[in-house]
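Pasting a structure below so you can have a look.
The values are calculated or read from the model by the stated rules, or taken from the named source; none is laboratory data. Here the structure is a predicted model, which means the values were calculated and not measured. Cβ placement follows ideal geometry from the backbone for every residue including glycine, while neighbour counts extend to all protein chains displayed. Remember, those area values only see protein heavy atoms, side chains included, never the ligands or the DNA or RNA. Shrake-Rupley method; radii C 1.70, N 1.55, O 1.52, S 1.80 Å.
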Amino acid sequence: MRLIVAGALLIASMQPAHASPTYTFPISGCAVTYARAHHNYPATDILTKKGCKFVAPTSGVVDEVNHVDKFSWKTNKGADRGGLSISIVGDDGVRYYGSHLSKIPSEMVPGFRVNVGDVIGYVGNSGDAKGLATHVHFGISWPTPAGIWWVRRGELFPWRYLDAWKAGKDVSPAKAVATLEKKLGTVPKQTGY
């Protein structure tokens, strides 16, 4: 009898461990739609209801955050187009950006540590998205000095990773981002608007 119990325990202990996910889809608890393309630079607009949770797609540290919507069509500054926005630099070295939010928790400040799945904002249509469908503009890039908004908004099309994360797969964009940064440089010339 003891041999059978010991054998069962040995077999049970050989089962693979299930670790927490490294990546998760950045919208939690709401139905979404998104495209594989964006108008004139690599990013994705994730359409969903206003107020849905925008969550950290991976663990990392808050990089840049705009708690105040400064956008005006009179000035049309690229740095302000995202309205309420936040970016994090993941533990994988990749920057993840979300904008057009309706609200960002007050504790989200540069240097604040977040874990995968933590709420970092709520879906809206701030910035140049006023009057449009509520969504999160989602970008993937490499970290840059503060204020380099044309990189922050997205340099790598995210749909492949969004598809994987939505399916529960841990697929990292780190290698693709590093390759792209090496090709374009840390602060490439601004493209698009």
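With axes computed from alpha carbons, what is the tilt in degrees of helix 2-13 against the longest principal axis of the chain, rounded to the nearest 10 within 0 to 90?
10
Let me ask you something else. Where a Cα-Cα gap under 22 Å defines reach, which lysines qualify for residue 169, not counting those fewer than 8 residues away within the same chain?
List returned: 53.
Show me, bin by bin at 10 Å from 0, the whole-percent P(r) of the chain based on Cα pairs.
Percent of Cα pairs in each bin: 9, 36, 33, 10, 5, 4, 2, 0, 0.
Sticking with this one: Give the Debye-formula value of log10 I(q)/I(0) at each listed q (0.21, 0.22, 0.23 Å⁻¹), with one equal scatterer per alpha carbon of segment 92-150, two decimals each.
Values returned for q = 0.21, 0.22, 0.23 Å⁻¹ are -1.00, -1.08, -1.15.
So what is the 222 nm mean residue ellipticity for the chain from helices alone, if each DSSP H run of at least 4 adds -39500 (n - 2.57) and you divide by all residues, rounding to the nearest 500 deg cm²/dmol? Spell out each step's value before the answer.
Values: 4 runs with 35 residues, N = 193.
Computed ellipticity for the chain at 222 nm equals -5000 deg cm²/dmol.
On average, how much accessible surface per residue is there in the chain, in Å², for a 1.4 Å probe, leaving out ligands, DNA and RNA?
On the way: 10150 Å² over 193 residues.
Here the per-residue accessible area is 53 Å².
Something else now. What's the angle, to the nearest 10 degrees (0 to 90), between helix 174-184's Cα axis and the longest principal axis of the chain?
Taking Cα atoms only, the helix is inclined about 30 degrees.
In whole percent, how big is the carbon plus sulfur part of the accessible area of segment 60-193, probe 1.4 Å, protein atoms only? Please report the intermediate quantities before stating the final value.
Values: 3510 of 6260 Å².
It is 56 percent, rounded to a whole number.
About the Cα centre, and with charges only on the beta carbon of Lys, Arg (+1) and Asp, Glu (-1), how big is the dipole of segment 120-191? Nearest 20 debye, please. Mind dumping the intermediate values first?
Values: 10 positive and 5 negative charges, 29 e Å.
That gives a dipole near 140 debye.
Under the Kirkwood approximation for Rh and a Cα-based Rg, what ratio Rg/Rh is obtained for segment 38-143?
Details: Rg = 12.8 Å, Rh = 13.5 Å.
Over the Cα atoms of segment 38-143, Rg/Rh equals 0.94.
When only Cα pairs under 8 Å and 6 or more residues apart are kept, what is the percent relative contact order across segment 96-144? Walk me through the numbers before you get to the answer.
On the way: 63 pairs, mean separation 25.2, N = 49.
Reported as a whole number, the value is 51 percent.
Further question: Would you work out the Kirkwood radius for segment 94-193? I mean one over the mean of 1/r across all pairs of different Cα atoms, in Å. Spell out each step's value before the answer.
On the way: mean 1/r = 0.0668 Å⁻¹.
Hydrodynamic radius (Kirkwood, Cα pairs) of segment 94-193 is 15.0 Å.
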